[in-house]
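K.L.:
Structure in structure tokens, see below.
What follows is calculated from the coordinates using simple rules that are stated; it is not laboratory data. Just so we're clear, the structure is a prediction, and the values are computed from it rather than from any experiment. Because the Cβ atoms are built from the backbone with ideal geometry, glycine has one as well, and the counts that use them run over all protein chains shown.
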Amino acid sequence: MKESDIEALALKIEEAARSTKEGVRYFIEPAPGTLKRAIAKRHHVVFGRRGSGKSSLLRKAGAELTVDRRPIALVNLETFKSHSYPDVLLSVLIATFREFAEWLQTAAINPPTKTSFWKRLFNTAPKRPAFNRKQSKTLSDRLEQQIQHLEQQLHSTDNVDLTVTKETKAEAGAKTGIGGKIGSQSASLSADLNLTSQVTQTEDVKESYKRTKVKLSSSTGI
């Protein structure tokens with residue numbers, strides 16, 4: 001066997017050892033009870049050397065939670081390791097909301113009889129009934145709106161100096177009347193003189209401030 005063939009074989013073995021979505025079908029627990037602890041309702045920190053099965057455990061836990069119709073979002077933070085703050089925070093939020101939106105559009109509402117979805121990805125169907133489609137759609141639409149808003153902030157320029165011009169108008173008016181009447185039994189004459197003066201004053205006020213992504217996120221409650 002040539003040296004190049006050995007290197008190619010080693011690469012194939014290394015690629016096969018990496019966790020994939022299809023790999024959850026053949027998951028083997030590193031220790032008894034590990035999976036049950038991973039899907040328990042509490043916080044966990046998973047650590048271990050490379051190739052020890054961390055990603056496989058997380059994917060299998062995600063599959064188990066999905067089949068139980070429990071909201072799940074798997075986000076690979078390594079994708080954003082080159083992002084600076086606050087772009088990294090915005091990117092993680094966008095990825096998380098997208099995962100939840102996809103869950104609402106698929107696993108939350110797909111009936112157990114839709115084997116093309118459940119059997120293909122999880123090799124089993126859920127026992128719990130599907131969620132309400134209308135309510136799931138409403139929540140999914142709200143997430144999509146938040147995603148669009150976050151993407152606008154992500155792609156906007158940070159630390160921008162902005163100037164806002166405000167216009168103020170002030171009006172003042174005065175009215176003067178002069179009247180007289182000359183009359184007799186046969187005729188009468190009357191005259192009124194109205195003088196109106198109006199003064200309009202316009203004042204421009206310029207305010208400068210710095211727009212930052214951090215402040216935009218805080219103002220929207222994100």
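K.L.:
Over what distance in Å are the Cα centres of the stretch 24-78 and the stretch 115-138 separated?
P.N.:
Each part's Cα centre sits 20 Å from the other's.
K.L.:
Beyond 26 Å between alpha-carbons counts as too far, so tell me which of LYS114/LYS134; LYS12/LYS36; LYS36/LYS119; LYS81/LYS119 fall in that bin.
P.N.:
Checking Cα-Cα distances, LYS12/LYS36; LYS81/LYS119 exceed 26 Å.
K.L.:
Between beta-carbons, use under 10 Å as the cut-off and find the net charge around VAL67, counting Lys and Arg +1, Asp and Glu -1.
P.N.:
Details: positive: ARG69, ARG70, LYS127, ARG128; negative: GLU64, ASP68.
Net charge around VAL67: +2.
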